[in-house]
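Notes to accompany the following structure.
Every number here is computed from the coordinates shown, using simple stated rules; none is lab data. Owing to the predicted nature of the structure, the values given are computational and were not obtained by experimental measurement. As a convention, Cβ positions derive from the backbone with ideal geometry for all residues, glycine included, and neighbour counts pool all protein chains shown.
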Amino acid sequence: MRKDTLWKALGLAGAAGVVASGVLEARSQRVRRAYSPDEIRERLHQRHTRAVATETAGVPLAAERRPLATARRALCSMRRKRR
C-alpha cells in the first residue's frame with residue numbers, strides 16, 4: 001500500500017468516526033427529549049430520594065461518585081493553606 005493511500009484511508013476512517021459519533025449523539029438527544037414532564041419529575045424524585053438516603057448513611061455523594069476529584073480538591077486546599 002502506498003503512503004498516500006494509507007493517509008487517505010486513515011482520513012476517511014476518521015471522518016466516518018466523526019459522523020458515527022454525531023449519529024449516536026443525535027439518537028441520544030432524541031431519547032432524552034422523548035420523556036414526558038411527569039416521567040422527568042418522577043426520575044428527579046427518585047434521584048433525590050437516593051441522594052438523601054446516601055447522605056443519611058454517612059457517605060457524601062461527591063466522594064461516592066468521584067473519589068479522585070474529591071482527593072484532588074482536598075490536596076489543593078491543603079496546598080493553599082500552607083502558603
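Please work out the FRET efficiency for the pair ARG73 and ALA9, using the Cβ-Cβ distance as r and a Förster radius of 41 Å; give the result to the nearest 0.05. Write down the numbers at each step before the final one.
Numbers: r = 44 Å, r/R0 = 1.08.
For R0 = 41 Å, the calculated efficiency reads 0.40.
Model label points for ALA51 and VAL31, set 7 angstrom from Cα along the Cα-to-Cβ axis, are 2.3 nm apart. Could you tell me the calculated FRET efficiency between VAL18 and ILE40, based on Cβ-Cβ distance and R0 = 30 angstrom, to the nearest 0.05? The pair VAL18/ILE40 has a calculated efficiency of 0.50.
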